[in-house]
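Structure, as structure tokens:
A short reminder: the numbers here are calculations on the coordinates, not readings from a lab. The shown structure was predicted, so the numbers you read here are calculated from the model rather than taken from an experiment. Using ideal geometry, Cβ is built from the backbone for each residue, glycine included, and neighbour counts are taken over all protein chains shown.
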Amino acid sequence: MAIKIYNTLTRKKEPLRPIEEGHVKLYVCGITSYDYCHIGHARSALVFDMVVRYLRHCGYKVTFVRNFTDIDDKIINRANEQGIDSATLALRFINEFYTDMDALGALRPDLEPKATEHIPEMIGLIEELIAKGMAYPSEGDVYFRVERFDGYGRLSGRGLADMQAGARVEVNDKKEHPMDFVLWKGAKPGEPKWPSPWGDGRPGWHIECSAMSRKYLGETFDIHGGGKDLVFPHHENEIAQSCGASGKPFANLWMHHGFVTIKDEKMSKSLGNFLTIRDVLKQYEPEVLRLFIFSTQYRNPLDFTETALQDARSGLERMYECLAQIDGLPAGDPTGASVVGDKDRTHLHALADRFQAAMDNDFNTAQALAHLFDAVKLLNKILRTLPAQPATEDLQLLHDTATVFRDLAGVLGLVQRNPAEVAAGAKAKAMDGVDLGEDDINGLIVKRNQARAAKDWAASDEVRDYLLAHRIVLKDSPEGTTWEVKK
């Protein structure tokens, strides 16, 4: 089955067909480096980290390019507020971005071009657009003629007249049309500037990605990605610039992830309702944040709540606890009888196929995770029924499934640590404040089971209530009684 990706440009899922067989070229718009990153940035970084991991898992070579916008009005204004130059501020927050990404375990892109290091490429592209009549200089600035590009608005699904009617367009006598957008900004006092054929100045925001993607991936490449907030105007303008210059398609597939919301309101710095990545990582492990993010398919909104993070933590602990139990199993008995039914065995053997089917369907990580948790549930069921010395074939099934599980979870950047250590740490943390030891708890469970066998329900309930008063919750099943600490 081919990987299918929802293409924002065509509004339908399309098969991934790389221009160069076996080699996917991916460009993602990176941060504007003027502040610490919030969890919206984490979602963007981890979504495309997952995409790259999965494509490589499927055997593709991937060239992953993600840029840094290191010159911009926001950077200049913040630098002026702090009394430093914009280059120093931009470099500082690029380094802070790396700190956050490394903490999240995100893979580094193959190339990470900075806007300020590609001014000649931008000037060259602008000159091409002027030569073709797609752009025009005006009093030190250069603008793109939106009316000259027939496909303008196709990505966002907007007509030019609708855009103009719905936009707050500043009056600018330098423009031929109110929706024309700037490619080059003439120098202003106190701002960084570079020489150009139109006078000193600096590039507009949109031109940088067109120039850098062309340099590193060619005039047409496979996938362009970013957040939904970039569809218009940024990506719409990139298409106009790039196709206007080359006369060729720009990116064959456009991927856009949904917003992170808080109480169903978009999280953003402008609204002041954002949480930085490092704020979240003070309370939760990076893998917990990953599991939370991937619990929702990337195109859908993701609502941030403490409950959702706690659920993700509990789910991750279940994964690690299951793998730790499998790792700790004794040697198998070659003559032992299997306790695993054919249906369960077949189901576990098909785990990789089910996971791949979910991921091939527009990287549906929510469904892929559901298959992983389904496997955990089934593995735990088998673990509860194993005798003291399991049959060798059952042991082999469990270990093989655990290996496949780790490999698949690794596509999402999960279960990358030692299961025994993580499980022990989680149990110790859960037991913090519980004034009973494990031996005490297990002894009371034995006492309760004896009371139940004797049908002394009062004594059985007394033990249960005593343990519950000490935050120990009992769970009875046909395979026996287990316990956990009440959170």
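Points worth noting:
- Of all DSSP beta bridges in the range 4-281, antiparallel share, percent nearest 5: 50
- Whether the range 395-444 is rounded, prolate or oblate, judged on the alpha carbon gyration tensor where a/c under 1.5 counts as rounded: oblate
- Measuring against 23 Å, Cα to Cα, the residue pairs LYS4/LYS61; LYS377/LYS475; LYS228/LYS263; LYS175/LYS228 contain LYS175/LYS228 as the ones spanning a longer distance.
- Overall form of the range 310-427 per C-alpha gyration tensor (a/c, 1.5; a/b vs b/c): oblate
- 13 Å beta-carbon shell around PRO334, net charge (K/R +1, D/E -1): -3
- Each of CYS209, CYS243, CYS58 was scored by other Cβ atoms within 10 Å of its Cβ. Listed from fewest to most, they are CYS58, CYS243, CYS209.
- 5 angstrom amide H check on TYR143, placed H, neighbours 5+ away: TYR136, SER138, LEU183
- Shape of the range 49-165, Cα gyration tensor, a/c cut at 1.5: oblate
- Helices in the chain, meaning DSSP H runs of at least 4 residues, each add -39500 (n - 2.57). Divided by all residues, the mean residue ellipticity at 222 nm is -15000 deg cm²/dmol.
- 3J(HN,Hα) along the range 248-264, derived from phi through the Karplus expression 6.51 cos²θ - 1.76 cosθ + 1.60 where θ = phi - 60°, amounts to 10, x, 8, 10, 6, 10, 10, 10, 9, 8, x, 7, 8, 10, 10, 6, 6 Hz, with x in place of Gly and Pro.
- Highest mean first, the peptides 349-358, 23-32, 448-457 sorted by other C-beta atoms within 10 Å per residue fall in the order 23-32, 349-358, 448-457.
- Exposure proxy shown here: for LEU378, LEU316, the number of other Cβ atoms within 10 Å sets the order, fewest to most, as LEU378, LEU316.
- Residue order, fewest to most surrounding Cβ atoms within 10 angstrom, among TYR298, TYR284: TYR284, TYR298
- Other residues with beta-carbon under 10 Å from the beta-carbon of LEU414 carry, at +1 per Lys or Arg and -1 per Asp or Glu, a net charge of +2.
- Span from the the range 279-351 Cα centroid across to the the range 391-447 one, whole angstrom: 10
- Summing +1 for each Lys or Arg and -1 for each Asp or Glu among the other residues whose beta-carbon sits under 15 angstrom from that of TYR298 gives +2.
- Matching label, log10 I(q)/I(0) by the Debye sum over Cα atoms at q = 0.09 Å⁻¹ computed from the structure shown, candidates [x] -0.64; [y] -0.73; [z] -0.58: [y]
- Note on ALA388 and VAL404: the model spin-label points, each 7 Å out from Cα along the C-beta direction, lie 3.2 nm apart.
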